[in-house]
Amino acid sequence: KNQVEQSPQSLIILEGKNCTLQCNYTVSPFSNLRWYKQDTGRGPVSLTIMTFSENTKSNGRYTATLDADTKQSSLHITASQLSDSASYICVVSDYKLSFGAGTTVTVRA
Amino acid sequence: EPEVTQTPSHQVTQMGQEVILRCVPISNHLYFYWYRQILGQKVEFLVSFYNNEISEKSEIFDDQFSVERPDGSNFTLKIRSTKLEDSAMYFCASSATGGATAGELFFGEGSRLTVL
């Protein structure tokens, strides 16, 4: 069964600090991996989409990495801001999308 | 910037009633989806729709559920005989391309359904 596991489940960081979120998956065959940001009570918003051949992709202060050999991805948030407080969801695609449970990030002043 | 719009934002209904959730996908998109997120849980796929028919559905999407594209702009999810466990946030999404190489998926803000 295709699975997407994210860690940690939640984390708290101080404004201005960096953090890294992890995603491990067993989805096969692999098509692409996506990271979404979901504010509380809102719909997910796409941050990055990475295919098999891409191992790094940035979107502003968000940088995603992908190791398709080990089936791992990370999302790095640089110089966090209060507005980064949200759930970050890893989604992996074979012929359909498999969602992780998300990591809840809380940024404190 | 184009966006997916959903109505209502929140609906409260009595168990056993029928509800219709409405979505207006991005105008030039061809692939439409419904997802569900029970409070505190992960997003779950319900159904995908392309060329006026269901292209894929999950085990959650049983005979209680149906989708329709009644005109050129709206995409609806009907839930018949609602149950307490149907209480969730329902997200509509659309994309320009579909399948394994589906491009960026745009989600609406969701419709919160509360079944009493």
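Readers should treat all values here as calculations from the given coordinates under stated rules, not as data from a laboratory. None of these values were measured; they are calculated from a predicted model.
Taking amide hydrogens as placed 1.01 Å from N in the peptide plane, the amide H of B:Gln17 sits under 5 Å from those of B:Thr82, each at least 5 positions away in sequence or on another chain.
The HN-Hα couplings worked out from phi for the range B:66-76 by the Karplus form 6.51 cos²θ - 1.76 cosθ + 1.60 (θ = phi - 60°) are 8, 10, 7, 10, x, 8, x, 10, 8, 9, 10 Hz, whole numbers, x standing for Gly and Pro. If amide H atoms are built 1.01 Å from N in the plane of the peptide, which residues on other chains or at least 5 residues away come under 5 Å of the amide H of B:Ser55? Amide H neighbours of B:Ser55: B:Ser48, B:Phe49, B:Tyr50.
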